[in-house]
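The values are calculated or read from the model by the stated rules, or taken from the named source; none is laboratory data. All values reported here derive from a predicted model rather than from experimental measurement. Cβ atoms come from the backbone with ideal geometry, glycine included; neighbour counts cover every protein chain shown. Side chains are part of the model used for accessible areas, which takes the heavy atoms of the whole protein and leaves out ligands, DNA and RNA. Shrake-Rupley method; radii C 1.70, N 1.55, O 1.52, S 1.80 Å.
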Amino acid sequence: MKNKKIYHFWIPFIINIFVTSSITMFIISIGFIISSRLNIFNNEFINSFYGIMILLLVNITIAIIFTLIIITLANNAWKPIKNLIKAINKVSKGDFSVKLDENLHPPLIKELNKSFNKMVNELNSIETLRNDFVVNVSHEFKTPIAAIEGYTTLLQDNTLTEEERMEYTKIILDSSRQLSSLSGNILKLSKLDTQEIIPDKKYFSLDEQLRQALLLLENQWSKKNIDISMDLKSINYYGSEDLLMQVWLNIFSNAIKFTPENGLIVTTLKNTDKGICVSISDNGIGMSEEVKGKIFDKFYQGDNSRNFEGNGLGLTLVKRIVDLCGCSIKVESELNKGSTFTIFLPINNKSVDNL
């Protein structure tokens, strides 16, 4: 291997010396011819043997120095490219800890290294997300499947009372619904992750949509005797009705889930300087700062005790839809004092304020 490297070094070195010597000899020869014509040097010096020897030595020395300079500059110029190739090979083998120096010159190399580091960080995030996704999905599917299998086996016991049979049937039904919700949310999220264009935009009444969303969930909030307060300005909005309905349903479901019996959910809709503002507040259990910072992560559930139903994908869907629609979302919350989700929808010339 070493012999090969030496071979690859000396061949270009000798060729460079030969080429540089020839060019230098040609230039010096032209110089001497011109000098002789102008009588700068006498003929004795030009024809002198020592003069020729000095000429050759000067020529070779200049060629060697010039070649060494070229090789050094070439190696320095190619070094960042070689480092990049090594780094790419490491990344191709699954090593996402590779970093390139972002303080190099020229600016093009600096920008190249910055882009590479950004790419590796993104790949690392995707790999982490993929691993977490597989672990979480397998866990989320495993629990309800185990419940269905276990309680179905118990139902085969002929000595069960009617009350026990009904209880086991209800658990199986709830687990089936949980699986259906989980698989549906995963499919929706997978579709939204690759979607960049909002289809089927149209005019619709935003205030009426918020009322319909709460009506669809009436069975949930009426069971807990939750008081619903709505202060909605009449606004027609131009956008995706289906996508925004998913946003309201998920946020309202969360509010209902974490609000105690006889609690309160307040919804407002109005125009502001930042856009059309939808605010949904509850006086439920609230969130800590740590939980608040993770609620939009896939499969994250602030309540690890599993006292509340859910698969940790609802708010992830909300965030993706909000980003896709060019909206923004803000969360304010305090433990044991409730939470407020505020969504700002961009005002455009197709959104109509019904006054």
query = Is the shape of the range 223-303 rounded, prolate or oblate, going by the alpha carbon gyration tensor and its root eigenvalues a ≥ b ≥ c, with a/c under 1.5 for rounded and a/b larger than b/c for prolate?
reply = oblate
query = Ignoring ligands and nucleic acids, what accessible area does SER97 show with a 1.4 Å probe (Å², nearest 10)?
reply = 90
query = Got a number for the accessible area of LYS337? Probe 1.4 Å, square angstrom, nearest 10.
reply = 140
message = At 1.4 Å probe size, put PHE204, PHE141 in order of accessible surface, largest to smallest.
response = PHE141, PHE204
Residue order for LEU173, LEU214 - accessible surface, 1.4 angstrom probe, largest first = LEU173, LEU214
inquiry  = Give me the net charge for the shell around ASP282: Cβ to Cβ below 13 angstrom, other residues only, Lys and Arg +1, Asp and Glu -1.
reply    = -1
key: Accessible-area value, LEU243, 1.4 Å probe, nucleic acids and ligands omitted, Å²   = 20
request  = Between beta-carbons, use under 10 Å as the cut-off and find the net charge around PHE341, counting Lys and Arg +1, Asp and Glu -1.
outcome  = -1
ask   = In whole Hz, what ³J(HN,Hα) sequence does the range 208-222 give by Karplus (6.51, -1.76, 1.60; θ = phi - 60°), x for Gly and Pro?
value = 5, 5, 4, 5, 5, 4, 5, 5, 5, 9, 4, 4, 6, 7, 6
query = Top to bottom by accessible area (1.4 Å), largest first, where do ASP273, ASP231, ASP174 land?
reply = ASP273, ASP231, ASP174
ILE81/ILE145 FRET efficiency (R0 51 Å; Cβ-Cβ; nearest 0.05) = 0.45
task = Go through the range 111-120 residue by residue and turn each phi into a ³J(HN,Hα) via Karplus (6.51, -1.76, 1.60, θ = phi - 60°); whole Hz please, and just put x for glycine and proline.
result = 5, 4, 5, 5, 5, 5, 4, 5, 4, 5
request  = Using label points projected 7 Å from each Cα along Cα→Cβ, tell me how many nm separate ASN89 and ILE198, to one decimal.
outcome  = 4.9
query = So between ASP101 and GLU162, what do we pick up on full extension, going 0.36 nm a residue minus the alpha carbon distance?
reply = 14.8 nm
